[in-house]
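Just so it is clear, none of the values below were taken in a lab; they were calculated from the coordinates. Remember, predicted model here, so these are calculated numbers, not experimental data. Cβ atoms come from the backbone with ideal geometry, glycine included; neighbour counts cover every protein chain shown.
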Amino acid sequence: MNDLATRLDLLSLPADTAREQLRGHFAARGQPVYRAGQVLDWVYAKDAFSFAEMSNLPHTEREALAERFDLTAPGVAKLSRSGDGTAKHLWSLRDGELLESVLIPAPERLTLCLSSQAGCAMACAFCATGWAGFRRQLSTGEILAQFRGARAWARANGYGELTNVVFMGMGEPLANRKAVLPALHLLNHAYGVGARRITVSTVGIVPGIRELAALPEQYRLAVSLHAPTHELRQQLIPGEKRWPLPELLDALRAFDAAGGKRITFEYVMIDGVNDAPELADRLAALVREFKAFVNLIPFNPIPGSDWKPSPPARLRAFQQRLEARGIPVEVRTPRGRDIAAACGQLRAEVTEQQRRAPLRVLSRTVQPAQPA
């Protein structure tokens, strides 16, 4: 078989390019051009993890495909299921890097939270991923491999069809635009996920927000704000020093002006850090112009940190203060705490011994992975 470096990863290619490459491949072999459509149906609709699974192609053609093309398929290092139905995959990539995706079921909705980087360089003070540091960027194929693996698992385990995708896992999506923007386009145009059902989260990468604003698709944006002042925000989010609030707000105005692209502000509630009543007033004044939504998120404790989530009474008071000023707000219900579902937590729990353990490789020919 050809060296992996010489093979084209079909998951990383734009759909038109993938179709063109496949048509050229089959034409050179004297095969009908409709074979390309058969392959892409297995990739985009049926989540095939290998060419060997493509049973409506001749065996010799499946072997030839494997010689020229690749399908990124991570191994399952660990799978955990919460009592509330949340399911978290810890995926192992070919170079041993670990990344997480989370399935979050709700009435009439199944949301998948995807990772965009192995680790994260943003070093946000409240984030387990940031504490672990940055390892490397993910490719478009590695991002979509999470989607395909999680979707196949959800279908096989009674979770139904994915309805929403959020880039809120490990990493800062807009710091990896080279892979994330093509992944957005493929999710929307090849995998059939509506643009308004795809949300990109950012701590405030201003150039990336402006690039999203310029796209024709109406992807959603979630801004990890977490403080309404420059002074406090730069203590929580180091990126505030590079793109301070005034610059961030200007970029958000451009995004808002593009029309139909909803903004949500994320605000993690940390006891005694950013939950003072007067901060609710300043937050309301800051977000009011966008007619946006605010998610208040109880802090998910991180091992080694003394921080705690805001007490329920203080959280409710903060919420009510925002509502009194006309700000739509909701307290996000923590999900999957019994399985360390917060970004980076499960990865941090995996030991070197677990890294070396045999991985369950995704395949149509094996039973769905069972909970760890």
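Structure data summary
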{"quantity": "Full-stretch length increase - ALA27, ARG94 - with 0.36 nm per residue and alpha-carbon distance subtracted", "calculated": "21.0 nm"}
{"quantity": "Calculated [θ] (222 nm, deg cm²/dmol) that DSSP helices of n ≥ 4 give over the chain, each run adding -39,500 (n - 2.57)", "calculated": "-10500 deg cm²/dmol"}
{"quantity": "Dimensionless Rg over Rh [the stretch 231-326; C-alpha; Kirkwood]", "calculated": "0.98"}
{"quantity": "Share, in percent, of DSSP beta bridges within the chain that are antiparallel, nearest 5", "calculated": "50 percent"}
{"quantity": "Extension gain from LYS178 to GLN235, taking 0.36 nm per residue of separation minus the Cα-Cα distance", "calculated": "17.7 nm"}
{"quantity": "Percent breakdown of C-alpha pair distances by 5 Å bin, ordered from the shortest bin, for the stretch 75-352", "calculated": "1, 6, 13, 17, 19, 19, 14, 8, 3, 0, 0"}
{"quantity": "Choice from PRO246, PRO328, PRO182 with maximal GNM fluctuation in the chain (Cα, 10 Å cutoff)", "calculated": "PRO246"}
{"quantity": "Length released on extending from GLN38 to ARG196, taking residue separation times 0.36 nm less the Cα-Cα span", "calculated": "54.1 nm"}
{"quantity": "Computed E for THR17/GLU161 - FRET, C-beta separation, R0 30 angstrom, nearest 0.05", "calculated": "0.65"}
{"quantity": "Shape category assigned to the stretch 4-70 from the gyration tensor of Cα positions, a/c cut at 1.5", "calculated": "rounded"}
{"quantity": "Candidate aspartates and glutamates for bridging to LYS46, where Cα separation is under 13 Å - those fewer than 8 sequence places away on the same chain excluded", "calculated": "GLU161"}
{"quantity": "Global geometry of the stretch 68-169, whether rounded, prolate or oblate, following the gyration tensor of its Cα atoms and the 1.5 cut on a/c", "calculated": "oblate"}
{"quantity": "GNM top mover of GLY158, GLY192, GLY169 - the chain, alpha-carbon springs below 10 Å", "calculated": "GLY158"}
{"quantity": "Folded to 0 to 90 degrees: helix 277-287 orientation relative to the chain principal axis, Cα", "calculated": "50 degrees"}
{"quantity": "Sequence-separation-based contact order of the chain, relative, with Cα cut under 8 Å and 6+ spacing, percent", "calculated": "17 percent"}
{"quantity": "Degrees between helix 15-28 axis and first principal axis of the chain (Cα, 0 to 90, nearest 10)", "calculated": "10 degrees"}
{"quantity": "The stretch 124-210: equivalent-ellipsoid semi-axes (sqrt of 5 x gyration tensor eigenvalues, Cα, Å)", "calculated": "23, 16, 12"}
